[in-house]
Amino acid sequence: MVADSGLKQLLFEMRAPLMRMLAARGATSDEAEDLLQELFVRLETQAIGPVGEPRAYLYRMADNLFLDRRRAETRRSAREQRWGEQESEPRPTPERELQGRERLAMVSAALAALPERTVDIFRRFRLDGDSQRLIAGDLGISLSAVEKHLQRAYRTVTDIRARLDAEIEAPRRPSCDDGQDDS
């Protein structure tokens, strides 16, 4: 069994094999360096108990960091592509822009009323593309706690959306004073 200080020492010894493994997975040398630096920081900042298979543990950590980064890049790329596609669409009318701004203001106000940690987790997950596991590790909370914060934020957004959709879909009734005589 190896404690976390032994893991840091082993990381230095295994640097070359870990770099080769990351290169085989498709990481550039700069990416591999960044990932190993992030791995070292995690070993430095997170409390890790004794590990039975330290070499396998370090390989798995490096691979997980690589996969998290690739997933985040894929999400970011897809988001940028959607954004580019939207740019080529015709511009909305001023009325639609105003409605969009009003909706955004309502959602922003509702999110601002949530606890700061909930908003931070929501932003990191939805906008920055961080994994729930990464967020949990950085904040020192459980994965379940991250999920609960996200559920709270999603519930807030969906409640606002449902209310706005109901307002749009509500049938427009003519006013009672339509100028006609009922007699």
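The values are calculated or read from the model by the stated rules, or taken from the named source; none is laboratory data. Keep in mind the model is a prediction, meaning the values are calculated, not measured. Every residue, glycine as well, gets a Cβ built from its backbone with ideal geometry; the counts of neighbours run over all protein chains shown. What goes into the accessible areas is simple: the full protein's heavy atoms, side chains included, and nothing from ligands, DNA or RNA. Shrake-Rupley method; radii C 1.70, N 1.55, O 1.52, S 1.80 Å.
How many residues are of a type in the set (Val, Ile, Thr) and over 30 Å from Glu73 (Cβ atoms) if we restrict to region 85-133?
Start the filter on region 85-133 by keeping residues that are of a type in the set (Val, Ile, Thr), which leaves 93, 107, 118-119, 121.
Next, only the ones that are over 30 Å from Glu73 (Cβ atoms) stay: 93.
Count: 1.
Is it the case that Ser175 is at negative phi, loosely packed, with under 15 Cβ neighbours inside 10 Å and at pLDDT 90 or above?
no
Please give the helices (runs of 4 or more DSSP H) falling wholly within region 70-139 in which 3 or more residues are hydrophobic (A, V, I, L, M, F, W, C) and over 29 Å from Arg163 (Cα atoms).
Filter on region 70-139 gives 132-139.
Can you tell me which residue within region 54-100, out of those that are of a type in the set (Ser, Thr, Tyr) and open to solvent by less than 80 Å² (accessible area, probe 1.4 Å), is modelled with the lowest pLDDT?
Thr93
Could you please let me know if Glu147 is exposed (fewer than 13 other Cβ atoms within 10 Å of the Cβ) and in a helix (DSSP H, G or I)?
Details: exposed (fewer than 13 other Cβ atoms within 10 Å of the Cβ): no; in a helix (DSSP H, G or I): yes.
Here the answer is no, as Glu147 does not meet what is asked.
Are any of the residues in region 112-128 in contact with a Gly (Cβ under 9 Å, 6 or more places away or on another chain), modelled with pLDDT under 95 and either open to solvent by 100 Å² or more (accessible area, probe 1.4 Å) or farther than 30 Å from Ala153 by Cβ (or both)?
Looking through region 112-128, none of the residues is in contact with a Gly (Cβ under 9 Å, 6 or more places away or on another chain), modelled with pLDDT under 95 and either open to solvent by 100 Å² or more (accessible area, probe 1.4 Å) or farther than 30 Å from Ala153 by Cβ (or both).
Within region 18-48, track down each residue that is open to solvent by 30 Å² or more (accessible area, probe 1.4 Å), within 15 Å of Gly137 (Cβ to Cβ) and assigned to a loop (DSSP other than H, G, I, E, B).
Gln46, Ala47
Can you give me the number of residues within region 150-165 that are open to solvent by less than 90 Å² (accessible area, probe 1.4 Å) and under 15 Å from the mean Cα position of the chain (by Cα)?
Narrowing region 150-165 to residues open to solvent by less than 90 Å² (accessible area, probe 1.4 Å): 150, 153-154, 156-158, 160, 162, 164-165.
Filter again for under 15 Å from the mean Cα position of the chain (by Cα), leaving 150, 153-154.
Residues that pass the stated criteria total 3.
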